[in-house]
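**Student:** Pasting a structure below so you can have a look.
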Number of protein chains: 2
Amino acid sequence: MTQKKRFVLASRPEGMPTQDNFELKTEELEAPQDGEISVETLYLSVDPYMRGRMNDAKSYSKPYEIGGTLGGGSIGRVIESRHASRKVGDIVLGGWGWQTHATVSGDQVAPVDPDLAPIQTALGVLGMTGLTAYFGLLDIGQPKAGETVVVSGAGGAVGMIVGQIAKIKGARVVGISGSEEKNRYLSEELGFDAVVNYKTESLGEALAAACPDGVDVYFDNVGGEVTDAVFELLNSNARIPLCGQISLYNVAKKEPGPRFLPQLLTRTALVKGFLVGQYQDRYSEAIPEMAGWLKEGKLKYRENIIEGFERTPEAFLGLFSGDNLGKQLVKA
Amino acid sequence: MTQKKRFVLASRPEGMPTQDNFELKTEELEAPQDGEISVETLYLSVDPYMRGRMNDAKSYSKPYEIGGTLGGGSIGRVIESRHASRKVGDIVLGGWGWQTHATVSGDQVAPVDPDLAPIQTALGVLGMTGLTAYFGLLDIGQPKAGETVVVSGAGGAVGMIVGQIAKIKGARVVGISGSEEKNRYLSEELGFDAVVNYKTESLGEALAAACPDGVDVYFDNVGGEVTDAVFELLNSNARIPLCGQISLYNVAKKEPGPRFLPQLLTRTALVKGFLVGQYQDRYSEAIPEMAGWLKEGKLKYRENIIEGFERTPEAFLGLFSGDNLGKQLVKA
């Protein structure tokens, strides 16, 4: 019998999560029923949105249950199949999350073509991460050539794709991160027009210098004081795709901030929270376009791969240290 | 010679404006040149947005200049004309603002048909006020039948029209104001489904009771703590047309408030500041529709008319006391 390991939510965190919020369980892998497949996990994704699901709060994604597996995107190889069109050896993408093995409906996984790109890109630039950047920026942000696009969390998985797509669309791109290494990469490798380090620079001044014509699109991954500073520079009719608020996810006691509805009003600005799943009908237009940009070298991606399934919580917790450059994955 | 009186901005207010910020001047009315007309003011509009124009700040509308006339919507009778299609005696709508008489380009006024509705409605329900309600609610708010629409400043000129249009569209309408008299009018005369008095009730509890199914559309005229309370109740995909922030206009020292981008994110909500002028191309579709609702009795309006041009500053300052019910006008 195959043993499967999985991480379950042991307790809900107050503020910053710790290893204690997770519990590793070892169990027998269920045999597939008709229509099901068993998979062996190859890569799994850890993402900031998972922090929200650890709370028991009204949100766009369902809270994890105490004792339940931490769900999320995973890529695996089919090891047993009772589904008509999934064969043993196929590489598939699914939502079974933090497990070394799983038995799931064959209809609820998507095939991954290993000849198109490295398979783990189906979790990153050609997966939810890339799609989040693509739709948030293009559908809500709608950058025009010559406009200034600012992205916070610019060295993160989504942020670095946002900046590159904005460059493809002819915008001037300003990235904000908290690391010199990230900022060097964004400038030198990805062609960002300007970068700001929110940890070492005077944020307001550095941003004003980086955005002499104001801000037309602000793709927000972080919230908090970084966002406060960007909001001071919004141009008329600015668009703000709201993708994440990572700086606030682990704050146990909410601190107030400046009231900025008056600014949004006087600049006739748009703020829109979104969920990539709202664009599901249009994935099939986005993925080939992004795959084309990858092939042409216009779109680059960075991965940070931790090896060893049991280090999944560590990989997840690392998302909040501000150190990870690009997409954080676990190789199981 | 005709004498004209006008109010100019004497000084910029810090916080709440006072009579001292305005200065009355008496001058000779200029004779019209080719293409110009002279008008005698019949009614003029005072509106909360004018407070913003008294500041010297980046905004959607140009700041008033010190020593310059306070601009705004006015209705007058043509008393002299050197314009081909404006005749003496015509009633016209223009932007000459706080003046008893003015000489302006005949191209920059619009004719008002006294047979359609009382002429002063061209400043109110069939003018900028009504159009603001119409486009903010229908274009940004997009209420659907059965949804809950909350409007703050519900007893104000824009708010009471918003609520009635939302009722026409089949929504459940909740109005927030600070006066029992206003709330009685909203419930009894305009058919609002529920009303909340933010001054006498515990806002969070009263709102939650008034909105058992949450809030789908929040038309915001006031901002501040009223808005904070409504934001707690937003449903997924809520839409928030941002029309005014009157509670904050006269606050000299900005106080912080709760950070609500996380809520907008998890509810995938939309916030959009707007300016009625952005919909200029569509006025001709909106005015006949609203005139039709007026005729059918589905849309009612209330006016608060102060008589005497010299009381214009008093009428304007009254907007911030929370006492005015409906559209505030001055009869010159």
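**Student:** In region A:192-202, is there at least one residue being in a helix (DSSP H, G or I) and over 19 Å from the mean Cα position of the chain (by Cα)?
**Tutor:** Step one: list which residues in region A:192-202 are in a helix (DSSP H, G or I), which gives none.
Scanning region A:192-202 turns up no residue that is in a helix (DSSP H, G or I) and over 19 Å from the mean Cα position of the chain (by Cα).
**Student:** Report whether or not residue B:257 is farther than 23 Å from residue B:322 by Cβ and either small (Gly, Ala, Ser) or in contact with a helix residue (DSSP H, G or I) (Cβ under 9 Å, 6 or more places away or on another chain) (or both).
**Tutor:** Judged against the criteria, residue B:257 is not a match.
**Student:** Can you tell me which residue is modelled with the lowest pLDDT among those in region B:290-332 that are open to solvent by 70 Å² or more (accessible area, probe 1.4 Å) and under 23 Å from residue B:163 (Cα atoms)?
**Tutor:** Of region B:290-332, the ones open to solvent by 70 Å² or more (accessible area, probe 1.4 Å) are B:295-296, B:298, B:300-302, B:307, B:310-311, B:314, B:323, B:331.
Then drop every residue that is not under 23 Å from residue B:163 (Cα atoms), which leaves B:295-296, B:298, B:300-302, B:323.
Details: B:295: 92, B:296: 95, B:298: 96, B:300: 96, B:301: 95, B:302: 93, B:323: 76.
Only one residue tops the list, namely B:323.
**Student:** A further question on this structure: Only one of (1) within 13 Å of chain A (Cβ to nearest Cβ); (2) open to solvent by 30 Å² or more (accessible area, probe 1.4 Å) fails for residue B:200. Which number is that?
**Tutor:** Unmet for residue B:200, out of (1) within 13 Å of chain A (Cβ to nearest Cβ); (2) open to solvent by 30 Å² or more (accessible area, probe 1.4 Å): (1).
**Student:** Quick check: is even one residue across region B:24-40 out of contact with any Lys or Arg (no Cβ under 8 Å at 6 or more places or on another chain) and crowded, with 20+ Cβ neighbours inside 10 Å?
**Tutor:** Within region B:24-40, one or more residues are out of contact with any Lys or Arg (no Cβ under 8 Å at 6 or more places or on another chain) and crowded, with 20+ Cβ neighbours inside 10 Å.
**Student:** Also, I was wondering about something else. Check whether at least one residue in region B:224-231 is within 25 Å of residue A:272 (Cβ to Cβ) and more than 14 Å from chain A (Cβ to nearest Cβ), and report yes or no.
**Tutor:** First, pick out the residues of region B:224-231 that are within 25 Å of residue A:272 (Cβ to Cβ): B:224-231.
Still in the list and also more than 14 Å from chain A (Cβ to nearest Cβ): none.
No.
**Student:** Right, another one. So, in region B:108-138, exactly how many residues are surrounded by 15 or more Cβ atoms within 10 Å (Cβ to Cβ) and either small (Gly, Ala, Ser) or on the phi > 0 side of the Ramachandran plot (or both)?
**Tutor:** Within region B:108-138, residues that are surrounded by 15 or more Cβ atoms within 10 Å (Cβ to Cβ) and either small (Gly, Ala, Ser) or on the phi > 0 side of the Ramachandran plot (or both) number 7.
**Student:** For region B:212-223, enumerate the residues that are more than 9 Å from chain A (Cβ to nearest Cβ) and either surrounded by 22 or more Cβ atoms within 10 Å (Cβ to Cβ) or under 22 Å from residue B:132 (Cα atoms) (or both).
**Tutor:** Passing the criteria: B:215, B:216, B:217, B:218, B:219, B:221, B:222.
**Student:** Another one. Considering only residues that are in a loop (DSSP other than H, G, I, E, B), touching a residue at least 24 places away in the same chain (Cβ under 8 Å) and facing chain A (nearest Cβ under 8 Å), look in region B:245-260 and name the one that is nearest to the chain's Cα centre (by Cα).
**Tutor:** Among those residues, the one meeting the criterion is B:245.
**Student:** Taking region B:43-57 on its own, how many of its residues are touching a residue at least 40 places away in the same chain (Cβ under 8 Å) and either surrounded by fewer than 17 Cβ atoms within 10 Å (Cβ to Cβ) or among the β-branched types (Val, Ile, Thr) (or both)? Please lay out each step first, then the result.
**Tutor:** Quick first cut of region B:43-57, residues touching a residue at least 40 places away in the same chain (Cβ under 8 Å) only: B:43-52, B:54-56.
With either surrounded by fewer than 17 Cβ atoms within 10 Å (Cβ to Cβ) or among the β-branched types (Val, Ile, Thr) (or both) added as a condition, the list becomes B:46, B:55-56.
Here the count works out to 3.
**Student:** Can you work out which of the residues in region B:266-306 that are aliphatic (A, V, I, L, M) and part of a loop (DSSP other than H, G, I, E, B) is farthest from the other protein chains (Cβ to nearest Cβ)?
**Tutor:** Among residues in region B:266-306 that are aliphatic (A, V, I, L, M) and part of a loop (DSSP other than H, G, I, E, B), the one farthest from the other protein chains (Cβ to nearest Cβ) is B:299.
**Student:** Return yes when residue A:158 is β-branched (Val, Ile, Thr), open to solvent by 20 Å² or more (accessible area, probe 1.4 Å) and in contact with a Cys (Cβ under 9 Å, 6 or more places away or on another chain) and no when it is not.
**Tutor:** yes
**Student:** Could you list, ordered by first residue, the pairs with Cβ atoms under 6 Å in which the first is in region A:226-244 and assigned to a helix (DSSP H, G or I) and the second is acidic (Asp, Glu), at least 6 apart or interchain?
**Tutor:** A:227/A:220
**Student:** Of the conditions (1) crowded, with 23+ Cβ neighbours inside 10 Å; (2) in contact with a Ser or Thr (Cβ under 9 Å, 6 or more places away or on another chain), residue B:141 satisfies every one except a single condition; which number is it?
**Tutor:** So residue B:141 meets the others, but not (2).
**Student:** What number goes with the only condition from (1) in contact (Cβ under 8 Å) with a residue 40 or more places away in the chain; (2) over 12 Å from the mean Cα position of the chain (by Cα) that residue A:146 does not pass?
**Tutor:** Every condition holds for residue A:146 apart from (1).
**Student:** Can you give me the number of residues within region B:270-310 that are among the basic types (Lys, Arg) and within 19 Å of the chain's Cα centre (by Cα)?
**Tutor:** The qualifying residues number 4.
**Student:** Where in region A:1-75 are the strands (runs of 3 or more DSSP E), entirely inside, with at least 3 residues that are touching a helix residue (DSSP H, G or I) at 6+ places or on another chain (Cβ under 7 Å)? Walk me through it before giving the result.
**Tutor:** Working: elements: A:3-9, A:22-28, A:36-45.
Correct list: A:3-9, A:36-45.
**Student:** If residue B:87 passes every condition in (1) open to solvent by 40 Å² or more (accessible area, probe 1.4 Å); (2) closer than 27 Å to residue B:314 by Cα but one, which one does it miss?
**Tutor:** Here residue B:87 clears every test but (2).
**Student:** From the list A:163, A:146, pick out the single residue that is part of a loop (DSSP other than H, G, I, E, B), in the same structural domain as residue A:194 (by TED's automatic domain parsing) and not charged (D, E, K, R). It would help to see each step written out before you state the result.
**Tutor:** Working: A:163 fails: part of a loop (DSSP other than H, G, I, E, B).
So the residue among A:163, A:146 that is part of a loop (DSSP other than H, G, I, E, B), in the same structural domain as residue A:194 (by TED's automatic domain parsing) and not charged (D, E, K, R) is A:146.
**Student:** List the number of the failed condition for residue B:80; all other conditions in (1) among the charged types (D, E, K, R); (2) in a loop (DSSP other than H, G, I, E, B); (3) touching a Ser or Thr at 6+ places or on another chain (Cβ under 7 Å) hold.
**Tutor:** Result: residue B:80 passes all but (2).
**Student:** Can you tell which of A:100, A:69 is in contact with a strand residue (DSSP E or B) (Cβ under 6 Å, 6 or more places away or on another chain), in the same structural domain as residue A:35 (by TED's automatic domain parsing), polar (S, T, N, Q) and surrounded by fewer than 20 Cβ atoms within 10 Å (Cβ to Cβ)?
**Tutor:** On inspection, the qualifying residue turns out to be A:69.
**Student:** Please determine whether any residue of region B:46-62 is of a type in the set (Gly, Ala, Ser) and at pLDDT 95 or above.
**Tutor:** No, the conditions are met nowhere in region B:46-62.
**Student:** Do any residues in region A:203-216 that are touching a residue at least 24 places away in the same chain (Cβ under 8 Å) have Cβ atoms under 6 Å from those of residues that are in a loop (DSSP other than H, G, I, E, B), where the two are at least six apart or on different chains, and which pairs are they?
**Tutor:** Qualifying pairs under 6 Å: A:211/A:233; A:214/A:233; A:215/A:233; A:216/A:147.
**Student:** Looking at region B:173-186, can you tell me whether even one residue there is part of a loop (DSSP other than H, G, I, E, B) and buried (at least 24 other Cβ atoms within 10 Å of the Cβ)?
**Tutor:** Within region B:173-186, none of the residues are part of a loop (DSSP other than H, G, I, E, B) and buried (at least 24 other Cβ atoms within 10 Å of the Cβ).
**Student:** Could you check region A:240-261 and list, in sequence order, the residues that are within 21 Å of residue B:223 (Cα to Cα) and open to solvent by less than 30 Å² (accessible area, probe 1.4 Å)? Spell out how you get there, then give the answer.
**Tutor:** Filtering region A:240-261 down to residues within 21 Å of residue B:223 (Cα to Cα) leaves A:240, A:242, A:254-261.
Listed by number, the residues that qualify are A:240, A:242, A:257, A:260, A:261.
The values are calculated or read from the model by the stated rules, or taken from the named source; none is laboratory data. Fair warning: this is a prediction, and the values are worked out from it, not measured in the lab. Please note: Cβ atoms are built from the backbone with ideal geometry, for glycine as well, and neighbour counts cover all protein chains shown. With ligands, DNA and RNA removed, areas are computed over all heavy atoms of the protein, side chains included. Shrake-Rupley method; radii C 1.70, N 1.55, O 1.52, S 1.80 Å.
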